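The values are calculated or read from the model by the stated rules, or taken from the named source; none is laboratory data. Everything numeric here is computed off the predicted structure, so don't read it as measured data. When we count neighbours, we look across all protein chains shown, and the Cβ atoms used for this are built from the backbone with ideal geometry, even at glycine. Ligands, DNA and RNA are excluded from the accessible area calculation, which covers all protein heavy atoms including side chains. Shrake-Rupley method; radii C 1.70, N 1.55, O 1.52, S 1.80 Å.
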Amino acid sequence: MATLDKRSLGGQHFLQIPGPTNVPERVLRAIAQPTIDHRGPDFAEQTLDLLRHLGPVFGTSGPVVVYPSSGTGAWEAALVNTLSPGDRVLAFETGHFASLWRDMAAKLGLIVDFVPGDWRRGVDPGAVAEHLAADREHSIAAVMVVHNETSTGVTSRIPDIRAAIDGAGHPALLLVDTISSLGSIDYRHEEWGVDVTVSCSQKGLMLPPGLGFNAVSAKALDAAKSARLPTSYWDWEPIVAANEAGYYPYTPPTNLLYGLREALRILDEEGLPNVFARHDRHAEATRAAVRGWGLELLCADEREYSSALTAVLLGPEHDADKIRRLILERFDMSLGTGLGKLAGRVFRIGHLGALSDLTLAGTLCGVQMGLELAGVRIDHGGLRSALEILRAE
């Protein structure tokens, strides 16, 4: 008998990885509009409107540079615009993506002081203070922090890290990756004293991949004047200058910008405080399910639980990738894989972006059925624990 393609039944594929996330129909329709002249007045008017509404999502009144790029490109832009060859940067091993950012910095000719970690905790503000206090010559030019580590479901406490930098009286720039937190977890670029916020389009902003962002402080703009790492495509200066009139110094991703403007409307209609509260609630329900199943959360510090995703740690007797594959084949649902040294040990449930209570309930139901079919010994009350949170007023 031929295997039935579940998509032929017209059901929805459950894309429950922590990005790219599901793209709302409204955003898809916006992207599908006819492309216009990116040198014409209509484009300039739309760009100025877009940039006005983009700043509040970052919590900034300063410039937000938009690139046709991935989040990796936005990482590079943050580094090359602010630093010089041989500069020291302080970074922390909070997971796979923090490690990749460290690798990039080293390839660019920076000296990286990399503080090891166990991938179950965020950046320790005490360690930040200790390293900066020991740097009496102020040779550390920047502190690199991943706000929400997508590989682990751990969220570092940026206000406490800023306080540690200030407490040490250190002038280092604070560079923060918000790739899987922007638009999903409360974040405040200006209030928290961040110098460069790095992000991208395909997570909480509910877009396809293709846009990278740098929100830039006045201090970072000043640092760019003396930075000597090579820049061309990533150079902030020509983009910020062209943006003042609503244009770009190169061909912009016009249709993705249409989609971004529509995504910002969706966030504005719900209200960012409500967006964050929804993500908090969905995360709480997901953690309740995991605990109810008798399984272990990868994040070891409840102060650092992520509201964008939950990573579930399995015992050595189970292969998380086999369970993910079974769930995909049986229920047409994609879960996030374990990355780097977590390969085969965890699966990740994404609950960010355009997500409703009912979609999350279906997701957790699929996970529970998949665990049962895979022979993982669980308590069947996990789903019930989650539903109690979801149905509460």
Residue tally, condition out of contact with any Cys (no Cβ under 7 Å at 6 or more places or on another chain), within 22 Å of Glu284 (Cα to Cα) and surrounded by 24 or more Cβ atoms within 10 Å (Cβ to Cβ), over region 177-193: 7
Looking at region 262-286, I want the residues that are closer than 17 Å to Glu302 by Cβ and have a partner that is in a helix (DSSP H, G or I) and open to solvent by 10 Å² or more (accessible area, probe 1.4 Å) with Cβ atoms under 6 Å, at least 6 apart or on another chain. Which pairs are those? Glu284/Ile389; Ala285/Ile389; Ala285/Leu390
On the basis of being among the acidic types (Asp, Glu), assigned to a loop (DSSP other than H, G, I, E, B) and farther than 20 Å from Asp301 by Cα, does Glu190 make the cut? yes
Please go through region 122-146 and give me each residue that is over 22 Å from Lys219 (Cβ atoms), of a type outside the set (Asp, Glu) and free of Cβ contacts under 8 Å to residues at least 12 places away in the same chain, ordered by number. Ala134
Condition (residue is free of Cβ contacts under 8 Å to residues at least 24 places away in the same chain and either within 15 Å of Leu298 (Cβ to Cβ) or acidic (Asp, Glu) (or both)) applied to region 94-107: is it met by at least one residue? yes
Could you grab me the full set of residues in region 130-143 that are assigned to a strand (DSSP E or B) and open to solvent by 10 Å² or more (accessible area, probe 1.4 Å)? Ala141
Restricting region 160-171 to residues that are in a loop (DSSP other than H, G, I, E, B) and out of contact with any strand residue (DSSP E or B) (no Cβ under 8 Å at 6 or more places or on another chain), which is least open to solvent (accessible area, probe 1.4 Å)? Ala168
Look at Gly259 and say whether it is in contact with a Cys (Cβ under 8 Å, 6 or more places away or on another chain) and at negative phi. no
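So that you can scan it fast, the table gives a plain yes or no per residue for (1) touching a helix residue (DSSP H, G or I) at 6+ places or on another chain (Cβ under 7 Å); (2) in contact (Cβ under 8 Å) with a residue 40 or more places away in the chain; (3) surrounded by fewer than 22 Cβ atoms within 10 Å (Cβ to Cβ); (4) of a type in the set (S, T, N, Q):
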{"site": "Arg120", "(1), (2), (3), (4)": "no, yes, yes, no"}
{"site": "Asn148", "(1), (2), (3), (4)": "no, yes, no, yes"}
{"site": "Val154", "(1), (2), (3), (4)": "yes, yes, no, no"}
{"site": "Ile158", "(1), (2), (3), (4)": "no, no, no, no"}
{"site": "Leu175", "(1), (2), (3), (4)": "yes, yes, no, no"}
Residue among Thr363, Thr359 that alone is out of contact with any Leu (no Cβ under 6 Å at 6 or more places or on another chain) and farther than 19 Å from Arg291 by Cβ: Thr359
